[in-house]
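Heads up: the structure comes next, in structure tokens.
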Amino acid sequence: TPAITNNINEVSLQIDGHTIHVPKGTSIMRAASMLGLAIPKLCATDSLEPFGSCRLCLVQIEGRRGYPASCTTLAEEGMVVITENKRLADLRRNVMELYISEHPLDCLTCSANGDCELQDTAGQVGLRQVRFEGYDKKQANKTVDNSNPYFTFNPDLCIVCNRCVRSCEETQGTFALTVDGRGLESQISTGLNTNFKDSDCVSCGACVTACPTGALMDNSVIEMGQPNHAVITTCAYCGVGCGLKAE
Ligand code: FES
């Protein structure tokens with residue numbers, strides 16, 4: 001049983017057997033991450049308002065039916081939450097399988113290879129094969145928008161997680177992007193404008209940073225590949241790599 005907190009601004013709950021006190025208004029996902037538990041996610045980020053669309057972050061709450069999204073469900077006093085069991089693993093793998101079935105499988109030649117949250121999350125949920133043939137090659141090669149001088153939008157790689165639309169609004173206060181259509185037809189669009197260049201986009205790059213796939217990609221990465229973050233250092237206590245040698 002979780003310890004009861006006396007602080008009226010906090011709630012106490014149990015996640016995977018660990019008791020934690022968190023400020024009221026904290027999501028279950030955030031509380032879990034404070035315990036070092038990484039619940040799989042695609043539409044949530046640390047900086048954007050929770051959206052609850054990808055359904056990868058499902059958890060089980062004792063005494064409740066269904067599997068709520070941990071990013072949009074707030075921690076409550078006395079809650080007992082389970083983030084990992086076979087049922088949750090199966091559900092997450094199935095959701096991811098649907099995403100991947102609608103996505104090209106050419107990771108090795110994709111500019112985002114090695115820096116792709118979709119790729120990483122597929123590995124995290126243990127997806128090894130895709131049973132569905134949802135990815136329609138005839139629909140592939142939708143028009144790539146390279147009208148912006150700094151980045152390119154490739155709709156084939158987009159999973160419509162909405163992170164770009166939300167980051168444009170929440171980070172930049174601009175409303176250059178929207179989602180057109182519904183269900184399988186839904187896609188990120190620049191609204192009534194035909195491309196990024198003619199839209200209200202101010203080229204801040206927030207959407208590129210927010211994108212969990214290679215759909216919105218910095219042109220320098222497309223042209224030169226992923227930046228090399230490795231550093232050379234001679235100091236055992238520092239990763240800066242200034243090259244100073246200890247005497
Ligand atoms: Fe919670 Fe997407 S991360 S629904």
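Please give the number of the condition Thr19 fails out of (1) at pLDDT 95 or above; (2) under 25 Å from Gly123 (Cβ atoms); (3) open to solvent by 20 Å² or more (accessible area, probe 1.4 Å).
(2)
Output the residues belonging to region 49-67 that are farther than 19 Å from His21 by Cβ, open to solvent by less than 80 Å² (accessible area, probe 1.4 Å), within 13 Å of the ligand (Cβ to nearest atom) and assigned to a loop (DSSP other than H, G, I, E, B).
Hits for region 49-67 are Pro50, Gly52, Ser53, Cys54, Leu56, Cys57, Tyr67.
Find the residue count for region 8-61, including only residues that are more than 21 Å from Gln119 (Cβ to Cβ), among the acidic types (Asp, Glu) and out of contact with any strand residue (DSSP E or B) (no Cβ under 8 Å at 6 or more places or on another chain).
Result for region 8-61: 1.
Output the residues belonging to region 68-81 that are open to solvent by less than 60 Å² (accessible area, probe 1.4 Å) and more than 16 Å from the ligand (Cβ to nearest atom).
Across region 68-81, the qualifying residues are Gly78, Met79, Val80.
Within region 176-200, take every residue that is part of a loop (DSSP other than H, G, I, E, B) and on the phi > 0 side of the Ramachandran plot and give me the one that is surrounded by the most Cβ atoms within 10 Å (Cβ to Cβ).
Gly191
Being open to solvent by less than 20 Å² (accessible area, probe 1.4 Å), of a type in the set (D, E, K, R), assigned by TED's automatic domain parsing to the domain that holds Thr121 and closer than 18 Å to Cys43 by Cβ is the requirement here; does Arg166 meet it?
The answer is yes for Arg166.
Pick from Asp115, Asp46, Asp106, Asp120: which is assigned by TED's automatic domain parsing to the domain that holds Cys164 and within 16 Å of the ligand (Cβ to nearest atom)?
Asp120
State yes or no: is Pro212 within 17 Å of Leu42 (Cβ to Cβ) and either acidic (Asp, Glu) or assigned to a loop (DSSP other than H, G, I, E, B) (or both)?
yes
The values are calculated or read from the model by the stated rules, or taken from the named source; none is laboratory data. Keep in mind the model is a prediction, meaning the values are calculated, not measured. Glycine also receives a Cβ, built like all others from the backbone with ideal geometry; neighbour counts cover every protein chain displayed. Just the protein is used for accessible areas: all its heavy atoms, side chains included, with ligands, DNA and RNA removed. Shrake-Rupley method; radii C 1.70, N 1.55, O 1.52, S 1.80 Å.
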